[in-house]
1. Scan region 63-82 and tell me whether some residue there is loosely packed, with under 15 Cβ neighbours inside 10 Å, farther than 15 Å from Ala13 by Cβ and acidic (Asp, Glu).
2. Given the condition modelled with pLDDT of 95 or more, under 20 Å from Ile129 (Cα atoms), in contact with a strand residue (DSSP E or B) (Cβ under 9 Å, 6 or more places away or on another chain) and not in a loop (DSSP other than H, G, I, E, B), answer yes or no: does some residue in region 14-21 qualify?
3. Looking at (1) touching a strand residue (DSSP E or B) at 6+ places or on another chain (Cβ under 9 Å); (2) buried (at least 18 other Cβ atoms within 10 Å of the Cβ), which is the one condition that is false for Gly103?
4. Can you tell me which residues in region 1-13 are under 16 Å from Gly85 (Cβ atoms) and in a helix (DSSP H, G or I)?
5. Starting from region 123-152, keep only residues that are within 14 Å of Thr88 (Cα to Cα) and assigned to a helix (DSSP H, G or I), then list their pairs with residues that are among the hydroxyl-bearing types (Ser, Thr, Tyr) and at pLDDT 85 or above whose Cβ atoms are within a distance under 7 Å, requiring at least 6 positions of separation or different chains.
6. In region 25-61, which residues are of a type outside the set (Phe, Trp, Tyr) and either at positive phi or loosely packed, with under 14 Cβ neighbours inside 10 Å (or both)?
7. Can you tell me which of Ile119, Ile93 is closer than 28 Å to Glu141 by Cβ, β-branched (Val, Ile, Thr) and surrounded by fewer than 18 Cβ atoms within 10 Å (Cβ to Cβ)?
8. Filter region 1-18 for residues that are in contact (Cβ under 8 Å) with a residue 24 or more places away in the chain and among the charged types (D, E, K, R); which is surrounded by the fewest Cβ atoms within 10 Å (Cβ to Cβ)?
Amino acid sequence: MHFEKLQRGEIIACVGGLLLAIAVFLPWYSTKSGNPNSVINGRHGDFSAWDAHTVSRFLFLLGAAAPFILAWIVVREHQLSWPRGELTAISGITALVLVLVLGFIARPGDPRDTISFGIGWYLAVLGSIVIIFGALQRVKETEAVRKPPGVM
């Protein structure tokens, strides 16, 4: 294993993955305390992504694992058929879009305007952006193998 092969992009992406993983368990949504009609799943209080989203929570954890898988690939010097960091960037973009959709379009609870964002939601946005930034740093540092015209 060659830990010296890790570059700035992988480390930045791993920090973002750690932020995203932590964010899943922090409060994402809060009901309005003065409004008895403000509920998520029939309950009042603070809700993490783990509590509020049954399927998406696993998608977030998979997205958070992607930078660590990239770091493992780099440390073990595995050969890939695509530039290193591209798949991690795609998983970061997917996580960011999912966080934004779950925050603005498909926010849980009724009525939606009484449900506010918690620190976990903001941390998930930040973690996803950091994953994307780190992965793009890695893609930028990796040279693409050029092929002659007409060769697939």
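1. Yes, the conditions are met somewhere in region 63-82.
2. no
3. Here Gly103 clears every test but (2).
4. So the first thing to find is which residues in region 1-13 are under 16 Å from Gly85 (Cβ atoms), and the list is 5-13.
Across region 1-13, the qualifying residues are Lys5, Arg8, Gly9, Glu10, Ile11, Ile12, Ala13.
5. Short answer, once both residue conditions are applied: Ile131/Thr88; Ala135/Thr88.
6. Going through region 25-61, the residues of a type outside the set (Phe, Trp, Tyr) turn out to be 26-27, 30-46, 48-49, 51-57, 59, 61.
Passing the criteria: Ser33, Gly34, Asn35, Pro36, Asn37, Asn41, Gly42, Arg43, Gly45, Thr54, Val55.
7. Working: Ile119 fails: closer than 28 Å to Glu141 by Cβ.
Result: Ile93 is the single residue among Ile119, Ile93 that is closer than 28 Å to Glu141 by Cβ, β-branched (Val, Ile, Thr) and surrounded by fewer than 18 Cβ atoms within 10 Å (Cβ to Cβ).
8. At the first step, the residues of region 1-18 found to be in contact (Cβ under 8 Å) with a residue 24 or more places away in the chain are 1-3, 5-18.
Next, from what is left, pick out any that are among the charged types (D, E, K, R): 5, 8, 10.
On the way: Lys5: 13, Arg8: 11, Glu10: 26.
The extreme case among them is Arg8.
The values are calculated or read from the model by the stated rules, or taken from the named source; none is laboratory data. For clarity, every value in this text was computed on a predicted model and none was experimentally measured. All Cβ positions, even for glycine, are placed from backbone atoms using ideal geometry, and neighbour counts span all protein chains on display.
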